[in-house]
Amino acid sequence: MSKKFNEIPMGGNILEPGSAMQYKTGGWRAERPKHTPDDCLWLKNGTCLLCWIFCPDNAVKIAEKDGKRTYAFDYDYCKGCGICANECPNSCIEMESE
Amino acid sequence: MSVKLKDMIQSPQIMSSGHRMCAGCAAPPIIKIMGFALRGPTIICNATGCLEVATTIYPQTAWRIPWIHVAFENVAAVASGIVEGINAMKEKGRYKHEHVDVIAIGGDGGTFDIGFGSLSGALERGHDFVYMVYDNGAYQNTGIQRSGATLPGQETTTSWAGKAEPGKRERKKPIAEIVAAHRIPYVATVDPFHYRDFITKFRKALEVEGPAFIHAFSPCPRGWRSESSKSMELAKLAVETGIHPLYEIINGDEYIMSAPSKNLTELKPVDEYMKLQGQFKHLFSPQWEDFRKQVQEQVTADWERLKKKCGIA
């Protein structure tokens, strides 16, 4: 952050989109979500994804490649709010103490 | 407008991780869901509020699309300026995009109270932009002061509840109806829990010619003294109890009730919504029993009125 006055973009504009990624909010977390894949509808048949839609921190990382689906939490950014655990229809996500 | 999960996975997220909104805040999911509805280049104008303060802490920003911060009172004015600026540049042949959507986002304080004049002016002038308010029921960012969006019985730091007062006594402004009275082409109420409904409505709002207004309901665990994990449950309950019914208003007089509200055979009691929040705790003491009943009566009366307007018996 220690920039000289002539290195700061005009008007204090931020030129790099999404640069908040540099700031890791994972340290805010008191409880950590844990995923059990057995009943997960996303892994089973590629539906649901309520946790991914409702996650305020984009901390649910999902991917689909050649019919193979993956699911993971990004603990660098997860603030541990527990919305995913509350909304999961099959109770696949549990919150456990850090 | 397709709201398939497969398309949603492919579409880019307009807000990155690492923003400093509270854990469990419903505003980032609202922005995320809004992002699924975008159709091309977009400029966002953001009034002062939680969303602005916590997503852009200098020198970082969580936004991945062009974004401008303006004061509480003039977000609609700035959005209309951007729309007209783009039009002027297009006429001179200095603008490379064919069409750019302009979205103004304000909190409930910036929309219901402070920015209402500029919003009304922009609607009257009829610029082609979408105004979205994320309504969390008070000035949560500055320390939970009461606003025009605060529900009756809600305890805030400027409407304390105790022996003499049951929190705020006045009713909430019916902002969607007030805005619809400007006879603008499209007004809708949405909530993040019914995200498919949200995406379809937001896309409609972008597609209409002229101003459109979206009223999004955004639970706030910090100010509502609710559990952070219950935010989406509260958004769902707000629809089920009739506190935030989902409907559209077209050209100011055609009311259409949306499916999540229409499919309710009967409203749930408001108590169920209030029980999950610490800010309504005092209403369950015997002293304010009557006041709670009054709130329930008011919600039911508003619901019946809305049903009549939508032509549902």
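The values are calculated or read from the model by the stated rules, or taken from the named source; none is laboratory data. Since we're looking at a predicted model, the values are computed, not measured. So basically every Cβ, Gly included, is an ideal-geometry build from the backbone, and we count neighbours across all protein chains shown.
Worth pointing out:
- Selection of region A:87-98 for residues being within 8 Å of chain B (Cβ to nearest Cβ) and either in a loop (DSSP other than H, G, I, E, B) or more than 14 Å from A:Cys48 (Cβ to Cβ) (or both) yields only A:Met95.
For every residue, the table says whether it meets (1) more than 7 Å from every other protein chain (Cβ to nearest Cβ); (2) touching a Pro at 6+ places or on another chain (Cβ under 6 Å); (3) surrounded by fewer than 22 Cβ atoms within 10 Å (Cβ to Cβ).
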{"position": "A:Val60", "(1), (2), (3)": "yes, no, no"}
{"position": "A:Ala72", "(1), (2), (3)": "yes, no, yes"}
{"position": "A:Tyr75", "(1), (2), (3)": "yes, no, yes"}
{"position": "A:Cys78", "(1), (2), (3)": "yes, no, no"}
{"position": "A:Cys81", "(1), (2), (3)": "no, no, no"}
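Yes/no matrix, rows are residues, columns are (1) among the β-branched types (Val, Ile, Thr); (2) in contact with an Asp or Glu (Cβ under 9 Å, 6 or more places away or on another chain); (3) over 18 Å from B:Arg203 (Cα atoms):
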| position | (1), (2), (3) |
| --- | --- |
| B:Cys22 | no, no, yes |
| B:Ala26 | no, yes, yes |
| B:Pro29 | no, no, no |
| B:Phe36 | no, yes, no |
| B:Tyr58 | no, no, yes |
| B:Ala71 | no, no, yes |
| B:Gly93 | no, no, yes |
| B:Val102 | yes, yes, no |
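- Residue in region A:27-41 that is at pLDDT below 90, more than 7 Å from chain B (Cβ to nearest Cβ), surrounded by 14 or more Cβ atoms within 10 Å (Cβ to Cβ) and not in a helix (DSSP H, G or I) present: no
- Any chance A:Ala63 is modelled with pLDDT under 95 and within 11 Å of the chain's Cα centre (by Cα): no
- Flag for A:Cys81 being in a loop (DSSP other than H, G, I, E, B), closer than 19 Å to A:Met95 by Cβ and in contact with a helix residue (DSSP H, G or I) (Cβ under 9 Å, 6 or more places away or on another chain): yes
- Selection over region A:4-15 of residues that are part of a loop (DSSP other than H, G, I, E, B) and within 8 Å of chain B (Cβ to nearest Cβ) gives a count of 1.
- Selection count where residues are over 26 Å from A:Cys48 (Cβ atoms) and more than 9 Å from chain A (Cβ to nearest Cβ), scope region B:1-38: 0
- Residue check, B:Lys230 of a type in the set (D, E, K, R) and surrounded by fewer than 19 Cβ atoms within 10 Å (Cβ to Cβ): no
- The set of residues in region B:250-286 being buried (at least 18 other Cβ atoms within 10 Å of the Cβ), more than 18 Å from B:Gly167 (Cβ to Cβ) and in contact (Cβ under 8 Å) with a residue 60 or more places away in the chain consists of B:Ser258, B:Pro260.
- On inspection, B:Thr200 fails the criterion of being more than 14 Å from every other protein chain (Cβ to nearest Cβ) and closer than 20 Å to B:Asp302 by Cβ.
- The sole residue among B:Ile103, B:Ile68 that is away from chain A (no Cβ under 12 Å), of a type in the set (Val, Ile, Thr) and either in a strand (DSSP E or B) or under 16 Å from the mean Cα position of the chain (by Cα) (or both) is B:Ile103.
- Only one entry of A:Ser97, A:Ser19 meets the criterion of being loosely packed, with under 12 Cβ neighbours inside 10 Å and either modelled with pLDDT of 90 or more or in contact with a Phe, Trp or Tyr (Cβ under 7 Å, 6 or more places away or on another chain) (or both), and that entry is A:Ser97.
- Which listed residue is under 21 Å from B:Ser80 (Cα atoms), of a type in the set (A, V, I, L, M, F, W, C) and in contact with an Asp or Glu (Cβ under 6 Å, 6 or more places away or on another chain), from B:Ala149, B:Ala188: B:Ala188
- Under the condition of being touching a strand residue (DSSP E or B) at 6+ places or on another chain (Cβ under 8 Å) and either exposed (fewer than 14 other Cβ atoms within 10 Å of the Cβ) or in a loop (DSSP other than H, G, I, E, B) (or both), the residues counted in region B:153-168 number 7.
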